């Protein structure tokens, strides 16, 4: 069993296989009943910086949880007046090209900001530029509650770090290559095209 977090809300994840197959004997056995006992303890890690109590986040967490009543037990915080929703990370040469994009999202009530990779590299700590970008996104999520990130440029302009993850669906399992930026500030993200990441 592991604990994973979605926008600061803790989820206990476990798997249980009630069927056992013994190929050498040609037998399949299954459990008719199962008793599961879960012992919990407080986490030493502080996830409160990830906790946003917006109605959208609460509704999503309630839909995912098997015990949605627990959502109300979390001490959440509201967003500041100057908070924004959409972070665009790009280079100075592409800023003007995003004006129509920004205007559209502003018109539908999704406030946005553009951050230059040069500013991020100069102000953030990290082992490399990809780490600095990741740390900047985490900072903006914690401080402003951003919900979307656009990496505005090819990998030579806005670099990413790749990683592999094991994806299981029913009896099928595969490994897929995706970008480590998905590990941003919360555990569950959706990748859409063009590269917009939902937190």
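Below are the figures for this structure:
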{"read-out": "Residue pairs meeting the criteria (Cβ under 6 Å; at least 6 apart or on separate chains; first over 15 Å from residue 160 (Cβ atoms), in segment 132-145; second at pLDDT below 90 and in a helix (DSSP H, G or I))", "value": "142/49"}
{"read-out": "Residue match in segment 78-90 (condition: exposed (fewer than 15 other Cβ atoms within 10 Å of the Cβ), outside any loop (DSSP other than H, G, I, E, B) and free of Cβ contacts under 8 Å to residues at least 60 places away in the same chain)", "value": "no"}
{"read-out": "Residue tally, condition at pLDDT below 85 and in a helix (DSSP H, G or I), over segment 28-60", "value": "6"}
{"read-out": "Scan of segment 16-27 for residues that are in a strand (DSSP E or B) and exposed (fewer than 10 other Cβ atoms within 10 Å of the Cβ), ordered by number", "value": "19, 22, 27"}
{"read-out": "Subset of segment 61-77 (residues that are surrounded by 15 or more Cβ atoms within 10 Å (Cβ to Cβ) and assigned to a loop (DSSP other than H, G, I, E, B))", "value": "65, 74, 76"}
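The values are calculated or read from the model by the stated rules, or taken from the named source; none is laboratory data. Small disclaimer: the values here were computed from a predicted structure and weren't measured. Because the Cβ atoms are built from the backbone with ideal geometry, glycine has one as well, and the counts that use them run over all protein chains shown.
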